[in-house]
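Q: If you scroll down you'll find the structure; I have some questions about it.
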Amino acid sequence: MSRLGHLLVLGLFVLGDGLFVQRNAARDFHSLDGLWTFVREPRNSNGIGFAEKWYERDLRQFKNATVMPVPSAYNDLTADSRVRDHVGWVWYQTQYSKPVFVPKNARTFLRFSSVNYYAEVFVNGMLIGSHVGGHLPFEFEVKMSCEHVNSITVAVNNTLSHSTIPPGEFQYKTGEMYPKGFFTQTPGFDFFNYAGILRSVYVVFTGPSFIKEIKIQPNMENKSVSYSTNGDFCPSCMVTGTVLDPSGRPITLQAGTFGTLHLSEAHKLQLWWPRGYGDQPLYTLRVTVLKDGQVVDLYDEQFGFRTVSWTSDHLLINGKRFYCLGFGMHEDSELHGRGYDPVVMIKDFNMLEWMAGNCYRTSHYPYSEERAREADRRGIVVITETPAVGMKVFNSQNQKLHGQMLQEMIARDRNHPSTVMWSISNEPWTDKKESRQYYKDLIDIAHLVDPSRPVTMVYGPTGYSNDVTADLVDIICVNRYYGWYINMGYLQTINASVVYDLTQWKKKFKRPIILTEYGADSIAGLYQEPSVDFSEQYQVDLMRQTHLAFDTLRKKNVLAGEMIWNFADFMTAQGITRAVGNHKGVLTRSRQPKRAAYILKQRYESFRNNSY
Ligand code: GCB
């Protein structure tokens, strides 16, 4: 195996490449999904695989090797708690044969859609790059031989101790009471820290000149589309942009890597609307790279004609008030953990539509690219969230990493009409003075990189009176658990508390306000009349009381949207407030409705029937 290390490998980090894989006349891809060899380092090993150069070895020969499916989290796939609760390095390896019919001058990239949390990638024993942060794609250009089987090795670590951005704080416990080397990890969030290669892996082929990035800015007023592309284009290459209408007919053509395409007077512009407000026509920008009249690269990027704006009271889509009826969610399911699964994704969308929802927040990290595309197609409005939960430490190191993830997220999702807002953080401790500059810089980055969308933060531990950042955002999101974490059991307090609290935010900041989390845990099938905490009735009673407040706030133009926490039950770390996970779902973890789902469905449907 070591001879593989002698093959030429070229590692080149293509940062900010937001393009999803596509197969067409000028590019192709192979999926590397399937069973990969898997070796877990011992819990306290601190990187023995690097010391022993496992990346140069054939991991299949290791006695403790097994296989793991990609994509998926590894945590729930054995009966061994050491695998489930592993902290530290695990190693994945696969073999790939590049077909001889791939042209010699083709460019080859290795693309990972999400590896959580930190990944180092080796091809034929040589390091080609690393990525930190999880939940976002990254790719490297590689040179792979057709004569040898290529070995691809990924070392994955589910933590990064130098940062307090997920996945949390360590505490070493010493003394006779504890086994040697014992430590605990306390994440600053409750969702289970699923790890591994969570989304698909691809080998992507392009011609020698290729498109790296496409930015599209549709303009409804003058019926035009501004675009810019960048890539590795030969000096004699010509780049063109063409708009195709929703039926796939070309309607404009423009030469250049950037420009503005004007649609003809005769073309009747079809607007993209959220579900329930209208249709979801998707236009395409086709970028073509030509050399001597021959196509050398081609990419079709979909987009929609729609605007997002806001007043001090409302979020407007195409100038019309949009009231969000939605969900906080998780990409979480039995067995797969946070691993991408089209079956779960489609069931999620179908259940969301069954309840007449029209939006969700990608709490608390960017969801899969496939999900964003499906949201475009169905007209589900999305608040896309940076992976930064419960931030407490506002230093430059965290800010740098946070800023990088924010920009990667925007680069990936900026052309989706369904994405209407960027959320910079969930529940930061923004009563701390130093958080202001920290967030001001990040909000400025988001505005600069994408001036077309509002920026929000989701407030939890802070209130209207002590938060030092809320005046910096365009739209304010607030999580509130009246009747659960606050005044548990006193349902009669909920209405007044929610009305008072949100009215104060509104008075002070004069921004549209979305209540992004409220809810109660309920164990499916646990019935108690009169209701008590954790019963299905209590969840319903809490929702009913909260909805009374919402109706008052809506009438007073205080509320721009509501999102239940949570769409479905999800797995968490072990803790005294969690019985095999968080049960605030209106659906069970297997996506079956609890009583709460019917209440929500009734409410959301009544909005739709009354034209919102
Ligand atoms: C929150 C968090 C969310 C938790 C939820 C809960 O405020 O934003 O991640 O899951 O509360 O159920 O405690």
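Q: I'd like to verify a number: residues in segment 277-296 that are under 17 Å from Leu244 (Cα atoms) and in contact with a strand residue (DSSP E or B) (Cβ under 7 Å, 6 or more places away or on another chain), how many?
A: Number satisfying all stated conditions: 8.
Residues checked against (1) without any contact (Cβ under 8 Å) to a residue 40 or more places away in the chain; (2) touching a strand residue (DSSP E or B) at 6+ places or on another chain (Cβ under 7 Å):
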{"residue": "Ser423", "(1), (2)": "no, yes"}
{"residue": "Asn426", "(1), (2)": "no, yes"}
{"residue": "Asp444", "(1), (2)": "yes, no"}
{"residue": "His447", "(1), (2)": "yes, yes"}
{"residue": "Ser452", "(1), (2)": "no, yes"}
{"residue": "Met457", "(1), (2)": "yes, yes"}
{"residue": "Asp474", "(1), (2)": "no, yes"}
{"residue": "Cys477", "(1), (2)": "no, yes"}
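Q: For segment 459-472, which residues satisfy the criterion of being within 28 Å of Asn415 (Cα to Cα) and in contact with a strand residue (DSSP E or B) (Cβ under 6 Å, 6 or more places away or on another chain)?
A: The answer is Tyr459, Ala470.
Q: Looking at segment 197-206, can you tell me whether even one residue there is assigned to a loop (DSSP other than H, G, I, E, B) and outside the structural domain of Phe122 (by the TED database)?
A: No, segment 197-206 contains no residue that is assigned to a loop (DSSP other than H, G, I, E, B) and outside the structural domain of Phe122 (by the TED database).
Q: Next question. Of Leu269, Leu282, which residue is under 26 Å from the mean Cα position of the chain (by Cα), within 29 Å of Arg608 (Cα to Cα) and not aromatic (Phe, Trp, Tyr)?
A: Every option except Leu282 fails the conditions.
Q: Only one of (1) open to solvent by 10 Å² or more (accessible area, probe 1.4 Å); (2) within 11 Å of Asp521 (Cα to Cα); (3) within 16 Å of the ligand (Cβ to nearest atom) is not met by Asn566, so which one is it?
A: (1)
Q: Would you check which residues across segment 569-594 are within 13 Å of Gly519 (Cβ to Cβ) and either more than 11 Å from the ligand (Cβ to nearest atom) or in a helix (DSSP H, G or I) (or both) and list them?
A: Val586, Leu587, Lys594
Q: Of the residues that make up segment 100-108, is at least one part of a strand (DSSP E or B) and closer than 18 Å to Val21 by Cβ?
A: Looking through segment 100-108, at least one residue is part of a strand (DSSP E or B) and closer than 18 Å to Val21 by Cβ.
Q: Follow-up. So how many residues does segment 358-378 have that are within 22 Å of Tyr340 (Cβ to Cβ) and either within 16 Å of the ligand (Cβ to nearest atom) or not in a helix (DSSP H, G or I) (or both)?
A: Result for segment 358-378: 10.
Q: Let me ask another. Where the second residue is surrounded by fewer than 20 Cβ atoms within 10 Å (Cβ to Cβ) and not in a loop (DSSP other than H, G, I, E, B) and the first is on the phi < 0 side of the Ramachandran plot and lies in segment 67-92, which pairs have Cβ atoms under 6 Å and are six or more apart or on separate chains?
A: Close Cβ pairs (under 6 Å, with a partner that is surrounded by fewer than 20 Cβ atoms within 10 Å (Cβ to Cβ) and not in a loop (DSSP other than H, G, I, E, B)) amount to Val67/Leu35; Pro69/Leu35; Asn75/Arg84; Val87/Gln185.
Q: Out of the residues in segment 380-405 that are buried (at least 23 other Cβ atoms within 10 Å of the Cβ) and more than 26 Å from Met351 (Cα to Cα), state the one that is farthest from the ligand (Cβ to nearest atom).
A: Ranking the candidates gives His402 first.
Q: Out of Gln280, Gln217, Gln270, I need the residue that is open to solvent by 50 Å² or more (accessible area, probe 1.4 Å), at pLDDT 95 or above and closer than 30 Å to Tyr604 by Cα. Which one?
A: Residue meeting the stated conditions: Gln270.
Q: Can you work out which of the residues in segment 505-534 that are of a type in the set (A, V, I, L, M, F, W, C) and under 29 Å from the mean Cα position of the chain (by Cα) is nearest to the ligand (Cβ to nearest atom)?
A: The extreme case among them is Ala520.
Q: For Asn610, work out the one condition from (1) modelled with pLDDT of 95 or more; (2) surrounded by fewer than 17 Cβ atoms within 10 Å (Cβ to Cβ) it doesn't fulfil.
A: Among (1) modelled with pLDDT of 95 or more; (2) surrounded by fewer than 17 Cβ atoms within 10 Å (Cβ to Cβ), the lone unmet condition for Asn610 is (1).
Q: Which one is farthest from the chain's Cα centre (by Cα), of the residues in segment 118-139 that are assigned to a loop (DSSP other than H, G, I, E, B) and crowded, with 24+ Cβ neighbours inside 10 Å?
A: Asn124
Q: Would you mention how many residues in segment 479-493 are in contact (Cβ under 8 Å) with a residue 24 or more places away in the chain and within 16 Å of the ligand (Cβ to nearest atom)?
A: Residues flagged as in contact (Cβ under 8 Å) with a residue 24 or more places away in the chain and within 16 Å of the ligand (Cβ to nearest atom) within segment 479-493 amount to 7.
Q: Of the residues Met329, Met351, Met355, Met345, which single one is among the aliphatic types (A, V, I, L, M) and within 16 Å of the ligand (Cβ to nearest atom)?
A: Met329
Q: Kindly check whether there is at least one residue in segment 194-205 that is on the phi > 0 side of the Ramachandran plot and either touching a His at 6+ places or on another chain (Cβ under 8 Å) or within 16 Å of the ligand (Cβ to nearest atom) (or both).
A: Checking segment 194-205: not a single residue is on the phi > 0 side of the Ramachandran plot and either touching a His at 6+ places or on another chain (Cβ under 8 Å) or within 16 Å of the ligand (Cβ to nearest atom) (or both).
The values are calculated or read from the model by the stated rules, or taken from the named source; none is laboratory data. Fair warning: this is a prediction, and the values are worked out from it, not measured in the lab. Don't worry about glycine lacking a Cβ; one is built from the backbone with ideal geometry, like all the others, and counts go over all protein chains shown. Side chains included, ligands, DNA and RNA excluded: accessible areas come from the protein's heavy atoms. Shrake-Rupley method; radii C 1.70, N 1.55, O 1.52, S 1.80 Å.
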